[in-house]
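Asker: Below is one structure. I have some questions about it.
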Amino acid sequence: VLDTAPDNEADLKPRPPVVTIMGHVDHGKTSLLDALRGTDVVRGEAGGITQHIGAYQVTLKDKSKITFLDTPGHEAFTAMRARGADVTDIVVLVVAADDGLMPQTIEAINHTKAAGKPMIVAINKIDKHDANPQRVRERLLEHDVQVEMMGGETQDVEVSALKKTGLDELIEKIQLQAELMDLRANPNRDAEGSVIEAKLDKGRGPVATVLVTRGTLKVGDVFVVGAESGKVRALVDDKGRQIKQADPSMPVEVLGISGTPSAGDQLQVVENESRAREVAEYRQGVVLQKRTTAAPA
Ligand code: GDP
């Protein structure tokens, strides 16, 4: 319904990488996400009220940024991808150094390979007395993941999310990988984005966390998202601050939507409100039609 023209090469600017953390339950995904959040220099200055909005962005000492999807696990990764919202650039695979490779580790490897995403292995819980990182590297070989120490090209790093060691090195490896990928987007166009999560908030109404994929999303922009439409009333970042605009790879809460969209829905800024309603109504019709034609046999 909406045509979204490709960008000219000359308009593309570097954008931060978007990272998803995957791995077996209890191997430390949540702990690592929390520890990495602590590397944000801006959050430190602001005194840091953490808002869980499904994703966060850290600003590093050198002013570069990394976006982390704060929805650990491969369900979110796979569900988003199945809906065409392939927002992840890099996967960090967390493997506990004491536990080694477990069923969900192998699942995560398979998902990452199927998605064609580069992987960085974070060997976690290196502080434990029974940590055995070398065994992890050997077992990874059996699943065709060859880390550098084993003569391969997959980067790996020993970390402790608990003791906060190895984090700088992990960040360096993410940055190195991102550089190789030459990630770019055009910030000077009508915004597009993917819904990471959405909810109906008691006080604020429908709220969607959107990861901007192209363009710059601004307060006052008129948009379509899934089968809903709206006009951006406010944008709230992962530190709970109201902001005026969000550029590529930035996660932001969007207020001012007609209803609650679904994770994986695409947001597109359009020229005016009648156009937004027209597209939304068309999409609602398609959704209804799907529901009536997909009646159980
Ligand atoms: P998740 O299920 O993958 O999100 O794992 P969690 O982050 O919830 O961690 C599972 C358990 O492992 C918790 O009890 C954490 O405190 C512990 N844990 C996480 N990282 C480390 C680590 O680096 N060292 C140690 N010793 N324990 C850790």
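Asker: Out of the residues in region 156-166 meeting the condition of being without any contact (Cβ under 8 Å) to a residue 40 or more places away in the chain and more than 22 Å from the chain's Cα centre (by Cα), tell me which one is surrounded by the fewest Cβ atoms within 10 Å (Cβ to Cβ).
Answerer: Out of the qualifying residues, it is K163.
Asker: May I pose another question? Given the residues V19, V94, which is the only one that is surrounded by 19 or more Cβ atoms within 10 Å (Cβ to Cβ) and within 13 Å of the ligand (Cβ to nearest atom)?
Answerer: V94
Asker: Looking at E192, E148, E169, can you tell me which residue is more than 16 Å from the ligand (Cβ to nearest atom) and either within 24 Å of S249 (Cα to Cα) or of a type in the set (S, T, N, Q) (or both)?
Answerer: E192
Asker: Looking at E179, E158, which is the one that is away from the ligand (no atom under 16 Å from the Cβ) and either of a type in the set (S, T, Y) or modelled with pLDDT of 95 or more (or both)?
Answerer: E179
Asker: Which fully enclosed strands (runs of 3 or more DSSP E) of region 195-246 have 1 or more residues being at pLDDT 95 or above and within 15 Å of the chain's Cα centre (by Cα)?
Answerer: Because the criterion is at least 1 residues that are at pLDDT 95 or above and within 15 Å of the chain's Cα centre (by Cα), the strands (runs of 3 or more DSSP E) in region 195-246 that meet it are 205-214.
Asker: Residues to consider are E169, E179, E153; find the one that is in contact with a strand residue (DSSP E or B) (Cβ under 7 Å, 6 or more places away or on another chain), surrounded by fewer than 19 Cβ atoms within 10 Å (Cβ to Cβ) and without any contact (Cβ under 8 Å) to a residue 40 or more places away in the chain.
Answerer: Testing whether each residue is in contact with a strand residue (DSSP E or B) (Cβ under 7 Å, 6 or more places away or on another chain), surrounded by fewer than 19 Cβ atoms within 10 Å (Cβ to Cβ) and without any contact (Cβ under 8 Å) to a residue 40 or more places away in the chain leaves just E169.
Asker: Ok, one more. Going through region 113-139 one residue at a time, which ones are among the basic types (K, R) and either surrounded by fewer than 16 Cβ atoms within 10 Å (Cβ to Cβ) or more than 10 Å from the ligand (Cβ to nearest atom) (or both)?
Answerer: Matches in region 113-139: K113, K117, K128, R135, R137, R139.
Asker: Only one of (1) within 14 Å of the ligand (Cβ to nearest atom); (2) over 13 Å from D238 (Cβ atoms); (3) in contact with a helix residue (DSSP H, G or I) (Cβ under 7 Å, 6 or more places away or on another chain) is not met by L36, so which one is it?
Answerer: (2)
The values are calculated or read from the model by the stated rules, or taken from the named source; none is laboratory data. Since this is a predicted model, take the numbers as computed values, not measurements. Note that we place each Cβ from the backbone using ideal geometry, even for glycine, and neighbour counts take in every protein chain shown.
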